[in-house]
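Just below is one structure, and these are the notes that go with it.
Readers should treat all values here as calculations from the given coordinates under stated rules, not as data from a laboratory. This structure is a prediction, so every number in the text was calculated from the model and none was measured. Don't worry about glycine lacking a Cβ; one is built from the backbone with ideal geometry, like all the others, and counts go over all protein chains shown.
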Amino acid sequence: MAIVSGPVRRGDGRPPAVVLVNPKYPHNVGAAVRAASCYGIGQVWFTGGRVQLIGERRLRLPREERMRGYQEVELRHSEKAFDAFDRSAVPVAVELRRSAEQLIDFEHPDQALYVFGPEDGSLDRAVLGMCHRFVVIPTRHCTNLAAAVYTVLYDRHAKRVRSGLEPANSVVEQRGFDEPDQMADVVGVE
């Protein structure tokens with residue numbers, strides 16, 4: 001899975017999508033790509049320089065974070081991720097805030113741009129100022145970045161299935177295997 005990097009143009013962004021602001025660990029970026037693939041989200045964007053990229057042009061995640069089965073998700077690195085989306089996108093900050101909507105009651109916008117802060121901090125004012133909605137995951141303790149992405153995308157999918165907006169995902173039907181030990185052969189590692 002190559003990472004698209006460099007200048008962006010309005011329209012490069014295709015909501016629904018995920019933006020990770022200054023993530024610290026490549027395994028969380030890889031897990032966000034995996035979650036996006038599981039739930040039909042076409043793009044994951046990330047900002048910052050803390051995730052160490054590899055390759056001669058430094059456009060790849062480490063090998064253990066690249067899975068062949070998730071190539072339909074475009075991974076993009078840009079400091080101007082918001083500039084890639086047109087006005088139809090609805091930036092949703094997933095952040096612990098007093099005024100945030102509880103995920104349990106949250107109605108996901110069709111053109112959501114889910115914005116997650118770093119593992120070791122919060123979204124800054126500039127990013128929060130670009131967000132139209134705020135949602136909090138009602139947990140007893142903080143969750144990690146990868147778990148937060150999975151939780152939000154699962155919630156979106158479950159609510160859309162319940163509303164008849166999309167079919168339920170079924171790995172068994174899509175991939176054609178009967179036993180869990182067959183999954184490794186189907187998904188594969190790049």
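May I ask for the Rg/Rh ratio of segment 64-140, computed from Cα atoms with Rh as the Kirkwood radius, given to two decimals?
Details: Rg = 14.1 Å, Rh = 14.2 Å.
Ratio of gyration radius to Kirkwood radius for segment 64-140: 0.99.
With neighbours defined as other Cβ atoms within 10 Å of a residue's Cβ, the residues Ser88, Ser78, Ser122 order from fewest to most as Ser88, Ser122, Ser78. Counting beta carbons within 10 Å around each of Cys131, Cys38 and listing the fewest first gives the order Cys38, Cys131. Counting every C-alpha pair in segment 16-165, the share spaced more than 22 angstrom apart comes to 35%. Spin-label model, Arg140/Arg14: points 7 Å from Cα along the beta carbon direction are separated by 4.1 nm.
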